[in-house]
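Report on the structure given below.
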Amino acid sequence: MKLAESLQERADLNRRIDQLRIRIQNNVLVQEGEKPAEDPDKLIKELDECLKRLEYLMYRINLTNCQYTVDGETLTELIARKDVLKLKQSAYRDTIYAASQSAHRARNTEIKILPVIKVDALQKKADALAKEIRLLDNKIQQANWTADLME
């Protein structure tokens, strides 16, 4: 199995687990004399099976990410860098948005609000980060489709 396939299965399992949790909650209480639409015990058994498979996949995915290298770096290092770059880009974009807001003045005697940073320079940095994130994500995705899931 390729790493990308296991990541897709993990995502599917997470969705399934969320659905099972809701279905269990919807079927644990009934009016006296009524029966639930689904057997909560069977749903709990199915939930346990999904969780066991999820734990197995998570272990193997993490093992693969720690051992598989691309250009001398593990996938874990690449993923960490991408996550931090996304946080940085988000902070830059929030700062750009805040600095770009204009305070409307009714009269010229009111206090004038001005940005204290160069918005255009920060925007260029944010755009460069977006490109770096995109290229890094492409590298990670390529590795996901070529790496075999490790035992």
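The values are calculated or read from the model by the stated rules, or taken from the named source; none is laboratory data. Note that the structure is a prediction, hence the values are computed from the model and not measured. Note: ideal-geometry Cβ built from the backbone for every residue, glycine included; neighbour counts use all protein chains shown.
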> Would you call ALA99 part of a helix (DSSP H, G or I) and touching a Pro at 6+ places or on another chain (Cβ under 6 Å)?
Replying inline: yes
> Does any residue of region 88-99 turn out to be within 17 Å of the chain's Cα centre (by Cα) and under 21 Å from GLU9 (Cα atoms)?
Replying inline: no
> When you look at LEU63, is it over 30 Å from LYS139 (Cβ atoms), among the aliphatic types (A, V, I, L, M) and over 17 Å from the mean Cα position of the chain (by Cα), yes or no?
Replying inline: no
> Can we say ASP120 is exposed (fewer than 11 other Cβ atoms within 10 Å of the Cβ) and of a type in the set (Asp, Glu)?
Replying inline: yes
> Taking only pairs six or more apart or across chains, which ones have beta-carbon atoms under 9 Å, a first residue in region 128-141 that is surrounded by 15 or more Cβ atoms within 10 Å (Cβ to Cβ), and a second residue that is among the hydroxyl-bearing types (Ser, Thr, Tyr)?
Replying inline: LEU129/TYR92
> Do you know which residues across region 19-36 are among the hydrophobic types (A, V, I, L, M, F, W, C) and surrounded by fewer than 13 Cβ atoms within 10 Å (Cβ to Cβ)?
Replying inline: ILE22, VAL28, LEU29, VAL30
> Given the structure, is LEU78 within 20 Å of LYS2 (Cβ to Cβ), in a helix (DSSP H, G or I) and not assigned by TED's automatic domain parsing to the domain that holds ARG23?
Replying inline: yes
> Which numbered condition trips up LEU85, out of (1) in contact (Cβ under 8 Å) with a residue 40 or more places away in the chain; (2) outside any helix (DSSP H, G or I)?
Replying inline: (2)
